[in-house]
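Data block below; observations after.
Every number here is computed from the coordinates shown, using simple stated rules; none is lab data. All of these numbers come straight from a predicted model, not from anything done at the bench. Virtual Cβ from ideal backbone geometry, glycine too; neighbours counted across all protein chains shown.
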Amino acid sequence: MQKVRFTETVLRDANQSLIATRMKFREFEPILKELDKAGYYSLECWGGATFDSCLRYLNEDPWERLRKIKKACPNTKLQMLLRGQNLLGYRHYPDDVVRMFVKKSIENGIDIIRIFDALNDVKNIEVAVDETVKNGAIASGAICYTISPIHTLDSYVELAKNMQSLGCQTIAIKDMAGILSPAEAHKLVSSLKEAVDLPIVLHTHCTTGLGFMTCLKAVEAGVDVIDTAISTMSGGTAQPATETLNYTLAELGYDTGLNSDSLREIADFFKPIRSKALESGLLNPTVLCTDAKALDYQVPGGMLSNLVAQLTAQGKMDKFDEVLLETPRVREDLGYPPLVTPMSQMVGVQATNNVLAGERYKNVSKEVKSYLMGEYGKAPGAINEDVKKQILGDVKGIEGRFADTLEPAFEAAKAEIGEKAHSDEDVLSYIAFPTQAENYFDYRDEMAGKIYTYEFKAID
Ligand code: CO
């Protein structure tokens, strides 16, 4: 019997895609034991936006959250998403910080780290992969899937081979925009299975409505693991439903290892959480709908809505069609970066500027300049040299890895935050999100103080 395993995303990606990562630990704590019993390959529960959200909105220590999940789920692998050299943000960190972050993530309970780079530049993932393997966890190399003339099957196969030689133990296809079609998924998974000797994982979103079909065709092509979300927190901008794919695949004779009774209980548990989010407006019903526009324009749905918002704010919606035509041209000039954050924003804003200014590259953001300098990594394709010259003049870009130009930063940050940090984990929180972490540390100290101090106020 052929096996297909499942990664449950309800605690991370579904939480992030549907309700802006606002689920508190105490809200999902009661279901952790059941999640641990359900038979998942892994639970994606950390990294991505969860870390920022814990500190910024939820007054939670992200590290403590991880330790508590680990304690409640000792039998299931815990998984996190990591943006390579950018860790959980959008700027590059020096290697000492990347290594310490990876090491501490594993020490605190992570078993699988899915590592990607927005440009698919392997130089930006190699340090994180190396440290993951060194610390005995599974490094999963993630390919950002995008559609462009240079992103051929061969280019993805080449990337997967590079990831294998870096030491990645699985290869994940990361289709953040939900634009991987069933037919392409079949071809891609088949090619990867042939080219590398590693389990292949598929991560997609239901945004355009392809998700379920894409998973099914990927399974037919031999994919080993699929990412799904429990039905009551699935669909739309999140993943396809766990139970639906479990039902379909079991009926087709695949061994999924999942326990249907557990899945029922988990779905029932999240139902009131979803209802509450719908009621409060935290969950906007439109993110649960199918939006097929991205299939026409081949840009992610989120990017289209950003363009509309930008143009509406400036009263220039009449320029929408022009901006839509300019977007692929800018992308081509920049060497076809995958349209994932932050590249999707950079390309979208530049296209808007080009149209509104009536002149191409008259107004250029500092991010696009840094990108052209090579500070984000190597562009997937050739950059338009005329455009580069127009923007940078004779300034030479950097050769090699941007992180190589950065000084070690962990010890300096430790000294800077001082006693407010109670551990190396705290120092890492501070490095990743300085203001949010410091606010959280103050809040924590204040709460701890409240137990022991009492303020007497005169009442006369
Ligand atoms: Co995702």
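Please compare each pair in Lys293/Lys316; Lys77/Lys134; Lys293/Lys319; Lys77/Lys193; Lys104/Lys217; Lys103/Lys193 to a cut-off of 26 Å on the Cα-Cα distance and tell me which ones are over it.
Values: Lys293/Lys316 20 Å; Lys77/Lys134 18 Å; Lys293/Lys319 18 Å; Lys77/Lys193 23 Å; Lys104/Lys217 37 Å; Lys103/Lys193 30 Å.
In this structure, Lys104/Lys217; Lys103/Lys193 exceed 26 Å between Cα atoms.
For the stretch 1-74, please report how many Lys pairs fall under 20 Å Cα to Cα, leaving out neighbours fewer than 8 apart on the same chain.
Lysine pairs satisfying the spacing and distance rule in the stretch 1-74 number 11.
Take Ala183 and Asp96, extend 7 Å from each Cα along the Cα→Cβ direction, and tell me the distance between the two endpoints in nm.
5.4 nm
Which residue, Ala357, Tyr336, Ser234, has the largest displacement toward the positive end of the dipole of the stretch 221-379 when charges sit on each Cβ (Lys, Arg +1; Asp, Glu -1)?
The residue sitting farthest along the positive end of the dipole is Ala357.
Taking amide H positions as placed in the peptide plane 1.01 Å from N, state which residues far from Leu202 in sequence (5 or more) or on other chains have amide H under 5 Å from it.
Residues meeting the criterion, in which the H sits 1.01 Å from N, are Ile173, Val225, Ile226, Asp227.
Tell me, how many Å apart are the Cα centres for the stretch 371-388 and for the stretch 112-154?
Between the Cα centre of the stretch 371-388 and that of the stretch 112-154, the gap is 20 Å.
Treating the beta-carbon of each Lys and Arg as +1 and of each Asp and Glu as -1, no other charges, what is the dipole magnitude of the stretch 62-116 about its Cα centre, to the nearest 20 debye? Could the numbers behind the result be given before it?
Details: 12 positive and 5 negative charges, 43 e Å.
Roughly 200 debye, rounded to the nearest 20.
Lys/Arg Cβ at +1, Asp/Glu Cβ at -1, dipole of the chain taken about the Cα centre: which of Ala421, Thr208, Leu324 is farthest positive-ward?
Thr208
Restricting to Cα pairs below 8 Å that are 6+ residues apart, what does the relative contact order work out to for the chain? Please round to a whole percent. Show your work: numbers first, answer last.
Working: 801 pairs, mean separation 76.8, N = 460.
Taking the mean separation of contacting Cα pairs over the length of the chain, I get 17 percent.
For the stretch 334-445, give the magnitude of the charge dipole about the Cα centre (Cβ charges: +1 Lys/Arg, -1 Asp/Glu; no others), in debye to the nearest 20.
Working: 12 positive and 18 negative charges, 165 e Å.
Dipole about the Cα centre, nearest 20: 800 debye.
By its C-alpha gyration tensor, with a ≥ b ≥ c as the square roots of the eigenvalues, how is the stretch 210-273 shaped: rounded for a/c under 1.5, else prolate for a/b larger than b/c, else oblate? If you can, show how the numbers build up before the last one.
On the way: a/c = 2.70, a/b = 1.41, b/c = 1.92.
Oblate, since a/c reaches 1.5 and b/c is not below a/b.
Apply the Karplus curve 6.51 cos²θ - 1.76 cosθ + 1.60, θ = phi - 60°, to the phi angles in the stretch 262-272 and return the couplings in whole Hz, x for Gly and Pro.
The phi angles translate into 4, 4, 4, 5, 5, 4, 4, 5, 7, 4, x Hz.
Only Cα pairs under 8 Å and at least 6 apart count here; give the relative contact order of the stretch 204-263 as a rounded whole percent. If you can, show how the numbers build up before the last one.
Values: 65 pairs, mean separation 18.9, N = 60.
Once normalised by length, the contact order is 31 percent.
Give me the extension gain from Tyr247 to Lys316: residue separation times 0.36 nm, minus the current Cα-Cα distance, reported in nm with one decimal. Intermediate values should be presented prior to the final figure.
On the way: separation 69, 0.36 × 69 = 24.84 nm, distance 4.78 nm.
Between Tyr247 and Lys316, full extension yields an extra 20.1 nm.
Efficiency by 1/(1 + (r/R0)^6): what FRET value for Glu265 and Lys389, r their Cβ-Cβ distance, R0 = 60 Å, to the nearest 0.05?
Calculated transfer efficiency: 0.45.
Taking the Cβ-Cβ separation of Lys396 and Lys3 as r and a Förster radius of 60 Å, what is the calculated FRET efficiency to the nearest 0.05? Please report the intermediate quantities before stating the final value.
Numbers: r = 52 Å, r/R0 = 0.86.
E between Lys396 and Lys3, to the nearest 0.05, is 0.70.
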